[in-house]
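First up is the structure itself, then whatever we jot down about it.
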Amino acid sequence: MGMTSSEALLVKPSVRAQMPNLLGLTGFLVLEVVVAARGLFPTWLAIACPAVFVVALGMAVVSVLRSRGEPWHVRLGVDGVEARGFAPVPWSALAEVRISRLRPRWFFVLQPQRLRVVAFVPRVPGAVPATVVFDPFLNGKKSSNRMARWRAKLYGSPFLLLTQTVDATPEQIADAVRRLSDVPVVEA
């Protein structure tokens, strides 16, 4: 679970939380290979389907490997919220903290409670970093403007925390926000 460090909540990546994704992708890859080996797919599909799952599995492994050894990725403290590699965002710059399901909802219908997002919604656009914590492809970098606009449209902010990849639950994050600030926490 997220560590509390003298008034701060330190949220770090969790290898354990990412294992269900890794195991699920591995299972689908094995299933695709078995189906392809039995000749139940046309040749092009027998090559394409396992290739897609190999790429997805590779991305999941990269995510797990990048998770190891980092002391924290998000710090919620009395002075505000900070994503590793970005300047802290003071609580006064936030209109609300919004907790919602991962979208599009129809795509994630099987695990609605596990796949949630914490969005740090700014009072003024551009007042928060355009990043997703913990996104293995950004790895502490700023998102493109196009992706930032898309996330702001979906979640209300380009600054997101994917709770299925970290050691703190949305409830723990919400409790820390309430304890450390007067920013409203909204369940969307």
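For the reader, a short list of remarks on this structure follows.
- The stretch 140-153 - residue that is open to solvent by 20 Å² or more (accessible area, probe 1.4 Å) and within 24 Å of Ala176 (Cα to Cα) and, of those, modelled with the highest pLDDT: Ala152
- Flag for Asp167 being over 13 Å from Ala83 (Cβ atoms), surrounded by fewer than 21 Cβ atoms within 10 Å (Cβ to Cβ), among the acidic types (Asp, Glu) and at pLDDT below 85: yes
- Within the stretch 154-164, if we keep just the residues that are in a helix (DSSP H, G or I) and in contact with a helix residue (DSSP H, G or I) (Cβ under 7 Å, 6 or more places away or on another chain), the residue that is modelled with the highest pLDDT turns out to be Thr163.
- One residue stands out in the stretch 63-108 among those that are under 21 Å from Val186 (Cα atoms) and modelled with pLDDT under 70: the one that is surrounded by the fewest Cβ atoms within 10 Å (Cβ to Cβ), namely Pro104.
The values are calculated or read from the model by the stated rules, or taken from the named source; none is laboratory data. Only a predicted model underlies this, so the values are computations on that prediction, with no experimental measurement involved. Virtual Cβ from ideal backbone geometry, glycine too; neighbours counted across all protein chains shown. These accessible areas exclude ligands, DNA and RNA; they are computed on the full protein's heavy atoms, side chains included. Shrake-Rupley method; radii C 1.70, N 1.55, O 1.52, S 1.80 Å.
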